[in-house]
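The values are calculated or read from the model by the stated rules, or taken from the named source; none is laboratory data. None of the values given here were measured: they were computed from a predicted structure. Heads up, the Cβs are rebuilt from the backbone with ideal geometry, glycines too, and the neighbour counts pull from every protein chain shown. Just so you know, the surface numbers come from the protein's heavy atoms only, side chains and all, with ligands and any DNA or RNA stripped out. Shrake-Rupley method; radii C 1.70, N 1.55, O 1.52, S 1.80 Å.
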Amino acid sequence: DASTLRRGSITWITAPDPASRNPKQRAFVIISDCTGLKAGNTVTAVAVTSTFREPVGAELVPMRWNARGTTETGFKRKCFAKADWLLQVDIIAAADGSAVFDGQHDGAYVRDKELRLIAEAITRVRGS
């Protein structure tokens, strides 16, 4: 149900990796304003990855986590928002006319601080 989405929502969407291989369910953070979403809209999301090398690059923004998954993100291991991996998420109409997306959102989210850091990382990666 797209009505539950907010800027900062963590969603789980089946998507391939950046090389268009290995499709699987992956975490993404919604970075678009979601006010008034309806079928035909799209929102932008940034991928979350637990695959990284130390030292981490400027494109990676650390996400809050703990081993029990009890933070607001629900993440149970060290992971990062990957500012160079964006996804456009289509909002579509369900049979009952409501706006939905092909994924799930269980209420997990990132804080405003992390959203600012993600926006700054995207700007750095794009060079603007």
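Which trypsin sites (Lys or Arg not before Pro) in the stretch 68-108 pass both tests, a DSSP loop state and at most 13 other beta-carbon atoms within 10 Å?
Arg68, Arg77, Lys78
At 7 Å along the Cα-to-beta-carbon direction for both Asp84 and Ala67, put a label point, then send me their distance in nm to one decimal.
It is 3.3 nm.
State the percentage of accessible surface on the stretch 5-128 attributable to carbon and sulfur atoms; use a 1.4 Å probe and exclude ligands, DNA and RNA.
Within the stretch 5-128, the accessible surface is 47 percent carbon and sulfur.
Could you give the C-alpha radius of gyration of the chain expressed as a fraction of 2.2 N^0.38 Å, taking N as the number of residues it contains?
Compactness ratio reported: 1.04.
Per residue, what accessible area does the chain have, given a 1.4 Å probe and all protein chains present, in Å²?
59 Å²
Could you tell me which trypsin sites (Lys or Arg not before Pro) in the stretch 1-38 are loop residues by DSSP with no more than 15 other beta carbons within 10 angstrom of their beta carbon?
Sites meeting the loop and neighbour criteria: Arg6, Arg21, Lys38.
Mind jotting down the distance between the C-alpha centroids of the stretch 25-54 and the stretch 56-82, whole Å?
The two parts, judged by their Cα centres, are 15 Å apart.
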